[in-house]
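One structure is given here, and the rest of the page talks about it.
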Amino acid sequence: MTSSIVFDHLSFSYQNTSIPALQDISGEMSRGSFTMVMGHSGAGKSTLCCAINGLVPRFLRGDYAGGVIVEGMEAGKNIVPEMAQVVGIVLQDFEAQLFSTNVELEMAFGLENKCLPRTAMEERIDTYMRVVGLEELRKRDTATLSGGQKQRLAIGSVLAMETPVLVMDEPTTDIDPEGRRHILSLIRTLRVGERTLVVTDLDAEAAVQADQVWLLKDGQLAAQGTPVEILTDSSLIESCGVRPLATVALFQAMNWPGQPLTVEAAVAEIESRRLICPRRPECRAISTLTNGKVILEARNLSYRYPSGDINALNDIALTINEGDFVAMLGQNGSGKTTLAKHFNGLLKPTVGDMLIRGRPVNDYRRHKLAREVGYVFQNPDHQIFASTVREEVAFGPRILGMDRKTLERNIAESLDATGLSGFEDKNPFLLNRGERQRVAVASILAVKPAVIILDEPTTGLDYVHQRDTMEMLKRLNQLGHTIIIITHAMWIAEAYARRSILMKEGRILLDGSTPTVFSDENMLAASSLAPSDLIRLRNRLGLAAMTLTDMVKELKSEAVPPGSF
Amino acid sequence: MNLTFYNDEATWLHRLDPRTKIGGVLLIFAICLCFNHPLFIALILTGVLAIFTTAKSMKVLWKLRFLLVLLFVFSVVLWPFFIKGKTVLFQWHGLEVSSESLLYGFAMGLRLMTFVRAGLLLLATTKNEEIANGLIRLGIPYPVAFALATAIRLAPTFADAGATIVQAQVSRGLDLDSKNIFIRFKRFTPLSIPIFISAMRYTNFLAMALESKGFRPDTPRTSYYEARITGRDWLAMGVLTLTFAACLYLRLSLHWGIIIPGRL
């Protein structure tokens, strides 16, 4: 096979940084192959992508050594628009890439740059609109598309340029599970053909279908090989900040033979080797719901955006108890965020009431409200403004008029709880995404609100940072804070939330203890969600545990009669 | 607030060549400058509103209702103090207001509203890409035309980010309704810095995406929507030019539509 992309001892460090982003990367990707690049955040995945089309070092400057040759063109030596003839790239932030008034113009943008005549453009747009499944939405305003549709449009507009190489940097991040499924099946479709595919992702489940997997760690190529070679080595991928495949991890923990990469393969393996007999889950009373006092209550709450034609929320009735850990799940546009914004009075119900400790939200003054309910927005950069972490965290308590002593104590405590002690004098803008996320949490925490709402607290974080963030929230929950998270990451809800609320089209579809909600795969499917591989496996095997460790315990105690639980 | 003004319809105005529409807006501006009598300007405004109705875009005006009312009120209140007229209504410490200056203020308010609405008419019926394309065809250098179209495109994006940032800081206890001037000043930093930084990040990223798709500001490119001048365009331009000529004649030869002579 001829090689399509050749990395030759490529090293790069960004301007004004001392730590290299890429170190001595050498390797080949053959024509028509599909390479999955994985690694922790900051491992150099995006830098590697940008090096393929010359954005590194032509746009993102720094010390560049070695080189990349793509389809015979040397990336560093040609300007980026020149490289666009052979490389199409879908950058990480798909929102910022969409630029045109409507879908077909977005598809046309690259073709216009190639100076294609109109008839040729039309043909290509027709073809690739079908490939990405957007043919119905030709004239739609791009701003009105869902996250998954936007991402497919971003991919389609690059595909239409028919470059021999296609690079996608984390195409499934920040997209709801259904959108993610669409993108993954699109990647499967694209595999067939002459195109060389390079995709980065944080999730091992996406890598199963690749030809080869590259693992990056601290800017170095830690390992490369076939998915079977790489993904079955749980400790290796975990050391690179990637969550190991649930199926492999379970088989290893149980000392079972075989290393299945998918749930289906795992179930087949278990059945054929009769490792255990699948059974019905026993009805064990799982005491998961807290019986604290009611702190938040929505009564027949409906909401319609001022510009909207239909209700964003319909007749929501919901109570949340003090000390609970709640996950709000659902597709984009299902109303999760809209409902959460009622909890701290950012939105006022059109019909019905929102009560905090039995009093209507409207009765609270703004600063009183901030002490009851804190809200961490999805993007920490939407709130960080101060030049030191201490100043940033002090903003809330100070504006609420806390005295100096309490202020100092609260800052110290919230930095401690978020693992940021020692960061006091650092500039928050220079921290990485995971750390900035923690600064955002700390700055809410410093006010000591009874309830903390977090919108997508783990988006853009790698496995290690995701786990750190969630462990931190678990500690805060143990300290008595009520935690409400809005998330698309199923494993996070499964492993950490006590209660899960499933939303669809502005209504609550299902509300109950997390183990119960995640046992109901039909209901999850009805709101276009699916449990993680681990829980799918749990449901197939009829187990009750929600985490790997508990599942292993449960399986090992097979011999023990159920009554002893 | 949603600052996207483009209103996707298929009316005769949407189908006009962008060059015609840009020229047309300039002609409406010129027509507005012919008179300073409120009645005459009100007539022009009615004409613009009539075009809005046929372009099915009245709802675009609704989005900006507060701004439009504000502009009008300011103009009506402030102008009379700066203009002297014959029929003095009242005097106070050297300030005087006459019935002519009142009418003039009224006319200026109407004129400002007509300007803004004529501009909105262009934005409501013309896609960004068409505006850029039209400007280029009118001989504006490519980078300038592209920068202008980009600015129009990014306004709603930054407004959205701004709204999120306000919500994020309000959640932390930032009091936006405070009457205390010092608190009001202090609240500026927590809002402006995140807005500025996110705008920088966004534009930088956008530039990367555009270059990656082969875009170069200095080289010619084809256009998916090829604008073409048709009979309809000639008709529209003809009607507007004739109207302008007629207005010039009314003002200069017949001295119609003047409340304060010697002023625009």
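The values are calculated or read from the model by the stated rules, or taken from the named source; none is laboratory data. Keep in mind the model is a prediction, meaning the values are calculated, not measured. Every residue, glycine as well, gets a Cβ built from its backbone with ideal geometry; the counts of neighbours run over all protein chains shown.
Quick look at the numbers
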{"item": "Selection within region A:186-233 - modelled with pLDDT of 90 or more and hydroxyl-bearing (Ser, Thr, Tyr)", "result": "A:THR196, A:THR200, A:THR226, A:THR232"}
{"item": "Top-ranked residue of region A:240-260 - restricted to ones that are over 21 Å from the mean Cα position of the chain (by Cα) and in a loop (DSSP other than H, G, I, E, B), ranked as nearest to A:LYS553 (Cα to Cα)", "result": "A:MET254"}
{"item": "Looking only at region A:59-92, and only at residues there that are within 14 Å of another protein chain (Cβ to nearest Cβ) and farther than 29 Å from A:TYR128 by Cα, the one that is surrounded by the fewest Cβ atoms within 10 Å (Cβ to Cβ)", "result": "A:ARG61"}
{"item": "Filter result (free of Cβ contacts under 8 Å to residues at least 60 places away in the same chain, closer than 18 Å to B:ARG216 by Cβ and either basic (Lys, Arg) or within 12 Å of chain A (Cβ to nearest Cβ) (or both)) within region B:137-155", "result": "B:ALA149, B:THR150"}
{"item": "Members of region B:199-227 that are more than 30 Å from A:GLU392 (Cα to Cα) and more than 8 Å from every other protein chain (Cβ to nearest Cβ)", "result": "B:PRO217, B:ASP218, B:THR219, B:ALA227"}
{"item": "Meets criteria (within 14 Å of chain A (Cβ to nearest Cβ) and touching a helix residue (DSSP H, G or I) at 6+ places or on another chain (Cβ under 9 Å)) for B:THR114", "result": "no"}
{"item": "Within region B:1-47, tally of residues that are more than 14 Å from chain A (Cβ to nearest Cβ) and under 28 Å from B:THR150 (Cα atoms)", "result": "18"}
{"item": "Selection within region B:35-70 - hydrophobic (A, V, I, L, M, F, W, C) and touching a Gly at 6+ places or on another chain (Cβ under 7 Å)", "result": "B:PHE35, B:PHE40"}
{"item": "Residue tally, condition buried (at least 17 other Cβ atoms within 10 Å of the Cβ) and among the β-branched types (Val, Ile, Thr), over region B:210-257", "result": "1"}
{"item": "Filter result for A:LEU454 (touching a residue at least 60 places away in the same chain (Cβ under 8 Å), closer than 26 Å to A:GLY147 by Cβ, away from chain B (no Cβ under 14 Å) and touching a strand residue (DSSP E or B) at 6+ places or on another chain (Cβ under 6 Å))", "result": "no"}
{"item": "Failed item, numbered, when A:VAL464 is tested on (1) touching a Pro at 6+ places or on another chain (Cβ under 7 Å); (2) farther than 23 Å from A:TYR303 by Cβ; (3) surrounded by fewer than 20 Cβ atoms within 10 Å (Cβ to Cβ); (4) modelled with pLDDT under 90", "result": "(1)"}
{"item": "Some residue of region A:74-94 being closer than 29 Å to A:GLY148 by Cβ, in contact (Cβ under 8 Å) with a residue 60 or more places away in the chain and assigned to a helix (DSSP H, G or I)", "result": "yes"}
{"item": "Qualifying residue in region A:349-372 (condition: under 24 Å from A:MET490 (Cβ atoms), part of a strand (DSSP E or B) and away from chain B (no Cβ under 14 Å))", "result": "no"}
{"item": "Flag for B:PHE196 being buried (at least 16 other Cβ atoms within 10 Å of the Cβ) and either within 14 Å of another protein chain (Cβ to nearest Cβ) or touching a residue at least 12 places away in the same chain (Cβ under 8 Å) (or both)", "result": "no"}
{"item": "Subset of region A:141-181 (residues that are surrounded by fewer than 17 Cβ atoms within 10 Å (Cβ to Cβ) and either within 14 Å of chain B (Cβ to nearest Cβ) or assigned to a helix (DSSP H, G or I) (or both))", "result": "A:ASP141, A:ALA143, A:THR144, A:GLU162, A:ARG181"}
{"item": "Residues of region B:1-29 satisfying the condition of being in contact (Cβ under 8 Å) with a residue 40 or more places away in the chain, under 14 Å from B:ARG117 (Cα atoms) and assigned to a helix (DSSP H, G or I)", "result": "B:LYS21, B:ILE22, B:GLY24, B:VAL25, B:LEU27, B:ILE28, B:PHE29"}
{"item": "Condition check for A:ARG359: at pLDDT below 90, farther than 14 Å from A:SER443 by Cα, assigned by TED's automatic domain parsing to the domain that holds A:THR338 and out of contact with any Cys (no Cβ under 8 Å at 6 or more places or on another chain)", "result": "no"}
{"item": "Filter result for B:LYS63 (surrounded by 15 or more Cβ atoms within 10 Å (Cβ to Cβ), within 14 Å of chain A (Cβ to nearest Cβ) and either under 21 Å from B:SER99 (Cα atoms) or touching a residue at least 12 places away in the same chain (Cβ under 8 Å) (or both))", "result": "yes"}
{"item": "Residue match in region B:124-138 (condition: buried (at least 20 other Cβ atoms within 10 Å of the Cβ), assigned to a helix (DSSP H, G or I) and under 12 Å from the mean Cα position of the chain (by Cα))", "result": "yes"}
{"item": "Residue match in region B:40-48 (condition: in a loop (DSSP other than H, G, I, E, B), over 22 Å from B:THR230 (Cβ atoms), at pLDDT 90 or above and of a type in the set (A, V, I, L, M))", "result": "no"}
